[in-house]
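One structure is given below, encoded as structure tokens.
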Amino acid sequence: MSATAATTTNNDATMMNPAARFQPTNCWILHMLPTELHVNILTYLRAYDLVSIQLTCHMLASPQLTHAIVVHTAEHVYPPELTRGFDTPSVAGTNHVGPLYTYEHLKSMEMLVVARVLSRPEPATGYYVSKSWCKAALQWLQVQQQEQPVKKKLSKKQQRIRNRRLSDASPPWPNVNADLLCEHDKLKQCGSRASRAKRRILDKQAWKVIKKLYPDSNTLDTFEGECIQCRMEEETRKKSQADELERQRQERKRPLSCPVVRGFYTRSRGVPQSSVEPSGKSPLKPGVYHVLPRAWCYKWRRYLKTGEGEEPSAPCASALLCDAHRLPLIPPHLESYLYGGTLQLLGTSLVAEEQPAPAPVASIPVVGLAPNDEEMLQVLRAAGLSPGEVASQRMAMLNMERHRAAA
């Protein structure tokens, strides 16, 4: 009866004090597990995590257990070619030389493994890793290597340079592909040049090593490619933009449905061809014509064709008014065209009277002829002379008459 009462009292005390369950005297079951099982379980953790466990549980702080974990990790967890030389003074430092390994040796091993993995040649296929992460990791490993105490004394300048280099480096982030992910946690889309600048490919063995040391990383296989959902959204966005551009183009070219407006849009000369008078004193048929600024016409045609710039407002002829009296001021080229000075409104072709006079035709008598003799003009035209040559002959006859009258 007393034994039962004592057992009940102990159980009640344990329930009233939950911390008593985790006392070393109550963790006897951990001592019953074999050392090999402890090693296999603890090698799944990194050196940083193992140090935390060592500080919280004195049973797992055995130097022999720590040595066994480091040896098992070097021989079975990582490939031997990646861990070879982790206990040398050049890697582990001179302060960690001894018969038993510590978690400082495990930390040096992890740094050595990452450096050797990232130094491998890049394969054709495998797994993507961020190049910025690789650069940050190598820089951080270099800084950790330089933090070891140096034997010789540094000058103040060398010490400042060393401290600045150490302060610039930061530990690599937990997810090695954080800057390569899209909003769907897949490989972000980018061009071929950007992909070569941002991505690096690792083989399967190297990726397993990186994944063990940084378990929060997303696996990005080269065979899967970029995010399909992002690609579909991009194609949908491009199609929407193309449809919007087509709608805007149709809206711009709606005025061209009118034949008169389309005729003005496709016109290559400054005047309507149907209004040109082939023969007559004026180059245009009698009627009322409206003058538009040429700059406005160019801007309007360019907007309808390409959509560049803003939509031009209604045509304004204020540029054709004089500044003093605000009255119409005909441009010189238009005035010259209307009065027969040029053959084309927007060209530089002059009429025959302003062109250099060619040599007179010797077979046609021109001496002693009156300039206004219509019969002789008809004879000249019948001889095959062009209007310019006829005009030059008339000018030659006028000059001859003037010289005769002066004599």
Residues being open to solvent by less than 60 Å² (accessible area, probe 1.4 Å) and free of Cβ contacts under 8 Å to residues at least 12 places away in the same chain - total across the stretch 191-214: 3
Unmet requirement for Leu284, which otherwise passes all of (1) in contact with a helix residue (DSSP H, G or I) (Cβ under 6 Å, 6 or more places away or on another chain); (2) open to solvent by 60 Å² or more (accessible area, probe 1.4 Å): (2)
Checking Pro286 against (1) part of a helix (DSSP H, G or I); (2) more than 30 Å from Thr125 (Cα to Cα), the condition it does not meet: (1)
Residue tally, condition open to solvent by less than 70 Å² (accessible area, probe 1.4 Å) and closer than 15 Å to Cys190 by Cα, over the stretch 220-233: 6
Qualifying residue in the stretch 234-244 (condition: of a type in the set (Asp, Glu), touching a strand residue (DSSP E or B) at 6+ places or on another chain (Cβ under 8 Å) and surrounded by 13 or more Cβ atoms within 10 Å (Cβ to Cβ)): no
Residue pairs meeting the criteria (Cβ under 9 Å; at least 6 apart or on separate chains; first more than 16 Å from Pro174 (Cβ to Cβ) and part of a helix (DSSP H, G or I), in the stretch 128-147; second open to solvent by 70 Å² or more (accessible area, probe 1.4 Å) and modelled with pLDDT of 85 or more): Lys131/Ala197; Lys131/Lys198; Leu138/Ser119; Gln144/Lys107
Qualifying residue in the stretch 253-268 (condition: of a type in the set (Gly, Ala, Ser) and open to solvent by 90 Å² or more (accessible area, probe 1.4 Å)): yes
Filter result for Ala314 (in a loop (DSSP other than H, G, I, E, B), within 40 Å of the chain's Cα centre (by Cα) and without any contact (Cβ under 8 Å) to a residue 40 or more places away in the chain): yes
First in the stretch 215-231 and under 30 Å from Glu110 (Cα atoms) and at pLDDT 90 or above, second anywhere and surrounded by 15 or more Cβ atoms within 10 Å (Cβ to Cβ) and of a type in the set (Lys, Arg), Cβ under 7 Å, 6 or more apart: Ser217/Lys211
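Considering each of Ala124, Ala115, Ala136 in turn, give the residue that is within 24 Å of Lys204 (Cα to Cα), modelled with pLDDT of 75 or more, of a type in the set (A, V, I, L, M) and open to solvent by 50 Å² or more (accessible area, probe 1.4 Å). Let's see the steps before the verdict.
On the way: Ala115 fails: open to solvent by 50 Å² or more (accessible area, probe 1.4 Å); Ala136 fails: open to solvent by 50 Å² or more (accessible area, probe 1.4 Å).
Unique residue meeting the criteria: Ala124.
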Whichever residue in the stretch 180-194 is modelled with pLDDT under 90 and assigned to a helix (DSSP H, G or I) and, among such residues, is nearest to Gly225 (Cα to Cα): Ser192
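The values are calculated or read from the model by the stated rules, or taken from the named source; none is laboratory data. A quick note: this is a predicted structure, and the numbers were derived from the prediction, not measured. Cβ coordinates were reconstructed from backbone atoms using ideal geometry, including for glycine residues, and neighbour counts include every protein chain displayed. Surface areas here come from the heavy atoms of the whole protein model, side chains and all, with no ligands, DNA or RNA. Shrake-Rupley method; radii C 1.70, N 1.55, O 1.52, S 1.80 Å.
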